[in-house]
1. Report yes if some residue within the stretch B:183-192 is within 10 Å of chain A (Cβ to nearest Cβ) and either in a loop (DSSP other than H, G, I, E, B) or touching a residue at least 40 places away in the same chain (Cβ under 8 Å) (or both); otherwise report no.
2. All but one of (1) closer than 24 Å to B:Val218 by Cα; (2) in contact with a helix residue (DSSP H, G or I) (Cβ under 6 Å, 6 or more places away or on another chain); (3) surrounded by fewer than 17 Cβ atoms within 10 Å (Cβ to Cβ) hold for B:Ile99, so report the exception by its number.
3. Could you grab the pairs with beta carbons closer than 8 Å, sequence gap of 6+ or different chains, first residue in the stretch A:304-329 and facing chain B (nearest Cβ under 10 Å), second one aliphatic (A, V, I, L, M) and not in a helix (DSSP H, G or I)?
4. Which one is farthest from B:Ala163 (Cα to Cα), of the residues in the stretch B:193-214 that are at the interface with chain A (Cβ under 8 Å from one of its Cβ atoms) and outside any helix (DSSP H, G or I)?
5. Which one of these is under 29 Å from A:Gly42 (Cβ atoms), surrounded by 18 or more Cβ atoms within 10 Å (Cβ to Cβ) and either modelled with pLDDT under 85 or of a type in the set (Gly, Ala, Ser) (or both): A:Ala332, A:Ala316, A:Ala260?
6. Residue by residue through the stretch B:215-235, note down the ones that are under 25 Å from the mean Cα position of the chain (by Cα) and within 7 Å of chain A (Cβ to nearest Cβ).
7. Here's a check for you: in the stretch A:96-111, which residue that is without any contact (Cβ under 8 Å) to a residue 24 or more places away in the chain and in contact with a helix residue (DSSP H, G or I) (Cβ under 8 Å, 6 or more places away or on another chain) is nearest to A:Ile64 (Cα to Cα)?
8. Quick test of your reading of the structure: B:His49 fulfils all but one of (1) modelled with pLDDT under 85; (2) assigned to a helix (DSSP H, G or I). Name the failing condition by number.
Amino acid sequence: MASETTNTSDLADTLGKLIRRPEFGTLIGTVVVYIFFASLGGAVFLGAPGWSAFLTMAAEVGIIALPVGLLMIAGELDISVGAVVPAAALTTALVSGHYDMPTWYGVFAGLAVGVCVGFVNGQLVTRTSIPSLIITIGTMFGTMGLTLGFTVMIAGSTGVFMTPDPSAKALLGSSINFMFRATIFWWLGFAGLIYFFLHVSPWGNWIFALGGDRESARNAGIPVARTTIGLYMLSGFAAAFVGVSQVLTFGSAQVAAGQAFIFNSIMCVVIGGVLLTGGAGSVIGIVLGTLTFAIVNQGIFFSGIDPNYGSIIIGALLLIAVMSNDSFRNLALSYATKKKAG
Amino acid sequence: MNLTKTLTTAAIAALMATGAVAQDIAVIAGSVEDAFMDKIKKGVDDATHMVEANGGTVQYLRTQNYENFGPDLVTLINQAVAQGVDGIAIPVWVPDAQIPALQAAAEQGIKIMQYNSGLPVKDDISAINYFGSDEYEAGFGGGKYLAEQGAKHILCHIQVPGAINLEERCKGVTDGATEAGAKVTVLSTPANLDGDVTGTAEALKAEFIGDDTIDAMVSCADFGAAAGANAVEQTGLDIMVSAFDFSPASLERISAGTQKMAIDQQPYLQGFLATSMLFANLKFGTEISTDPVLTGPAIIDASNVDAVKAGAELGAR
């Protein structure tokens, strides 16, 4: 009898823990959105075309959303990712296409561009008191200008073409069954790594502490500047990775691409339950938020809903997600308090 | 002393003499960030040789960006007027802002030549002629071409919902294709997919799978062709991919056969003709009797892609 009581309370405890997890609201959102579009989209959406459509989109936004999410947890923003995507893509295309060097040189150069922009962002954010929103808008325009200027100067046009060598294309730009892009697996890999980084390794707590209270974090002996710079370099790297994988997939890079990633990545992170003011959030939440965002974005085209109204659904989804995240957080807090009181 | 005086007088006289016979024109164009404008500039540069050989000058004025476009254009017009030019070659992108400024310039006896944009307001600014394409005509030509190549159901992709010039393009595609017996469906993708090749490719894939009668697509954006080609590769369907405007990458696709065609408006001709014909009108009194002069649509497909590539190498295509 005693054990039975324990079992029930264990179950209640597990359920309570599950509901109290910050990702729970996001998970419900993902499931609801999937069921909604599955009921409208039917077999095609349920099958490979549907899954590949939203997973491929989620992978690209998601690779950027993960480090952007880490930055937001640490209380910072990174707008410059929108400029890093085309900058890295064009660097790769210029090195390996225009100058005809081996593809790997181009890939390396493209990724290096992203890391450099991240390093500059990090230095500026930690050495000045200017908000990171403003700094990264500045570096975004700077990067855009440099990309445009150099591309036109070197290639004489704003689009550059390249033929990637097979090994690089296989690793970064290939598709399984023509539909499932390699980036999906890279995304899941990155998510695993960043999960370890944020939730298992000791560095994770540093990031939460940064977003909670920078001064106290510094006083507690956390290397605030180094951590922040590292996070910016990571988001620069991730954006560059997406740019490089795009150029290997499509064989061309354009100056005017990537702007979409700025709002899309922030949206995924917010839908995923990361607090805009920093200090709270989780990798699973970001991954689920990205999935939700991608399902809505692509589901519209499978559902027969007039795509003209698509933006309404995306906007509404964002607001509902933030509201439900807030209410789940409150619920979780009050649940815990009640338990304590009881 | 006397010699200096004589020389100065002679120099002033010479200057005034050139001022009286020289035809100075200003060519106003769009943002320095816009690659399309570089092709127009190539045309203007080439025409400048002819102008200078005949004793005239060309000033090429561009806005920094498109953020404050209307007022920026008016500033450039007033700048040209203040410098005492005899003629202005200009596209009309923002009629409300530009028409009053251009009318004021015309009242001072400045001749206006119009190119690239704003054909419907040509008479309001008393332009001599118009060199450019017409979005509707370009779409009409593209739709007709696809239908003649055997398309039965064409998807017309708009990347920025509500952009009037893009709607005009798809309206043209619809009419051109309908006339040749094909059907057209217009697809507007949300603005947050603009420039996102992957997101657009997946959206197009959904449309291709959702309606298996679609056998051709034309995108209003060059990147839409990259997305379309990817969607075709993913689904393995037999769909003709095409787009308005083009890039080196789309020329490669046309060579490789993964893109059927691109619709070009030949910006080089617009810059070259607007500059040279404005000058010739001022200097020699010539006038082209064809009015307006359409520089597009010019269809780029497998039959002429090599010539276009050669032109692109030289910065003119």
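1. Scanning the stretch B:183-192 turns up at least one residue that is within 10 Å of chain A (Cβ to nearest Cβ) and either in a loop (DSSP other than H, G, I, E, B) or touching a residue at least 40 places away in the same chain (Cβ under 8 Å) (or both).
2. Evaluating B:Ile99 over (1) closer than 24 Å to B:Val218 by Cα; (2) in contact with a helix residue (DSSP H, G or I) (Cβ under 6 Å, 6 or more places away or on another chain); (3) surrounded by fewer than 17 Cβ atoms within 10 Å (Cβ to Cβ) leaves (1) as the failure.
3. Note: pairs meeting the criteria are A:Pro307/B:Leu187; A:Ile313/A:Ile305.
4. The qualifying residue farthest from B:Ala163 (Cα to Cα) is B:Asp196.
5. On the way: A:Ala332 fails: under 29 Å from A:Gly42 (Cβ atoms); A:Ala316 fails: surrounded by 18 or more Cβ atoms within 10 Å (Cβ to Cβ).
The unique qualifying residue is A:Ala260.
6. Of everything in the stretch B:215-235, those that are under 25 Å from the mean Cα position of the chain (by Cα) and within 7 Å of chain A (Cβ to nearest Cβ) turn out to be B:Phe223, B:Ala226.
7. Applying the first criterion (without any contact (Cβ under 8 Å) to a residue 24 or more places away in the chain) to the stretch A:96-111 yields A:99-101, A:105, A:108-109.
With in contact with a helix residue (DSSP H, G or I) (Cβ under 8 Å, 6 or more places away or on another chain) added as a condition, the list becomes A:101, A:105, A:109.
Values: A:Met101: 27, A:Tyr105: 22, A:Ala109: 19 Å.
That would be A:Ala109.
8. (1)
The values are calculated or read from the model by the stated rules, or taken from the named source; none is laboratory data. Just so it is clear, the model here is predicted, and its values are computed rather than measured. Neighbour counts run over all protein chains shown; Cβ positions are idealised from the backbone, glycine included.
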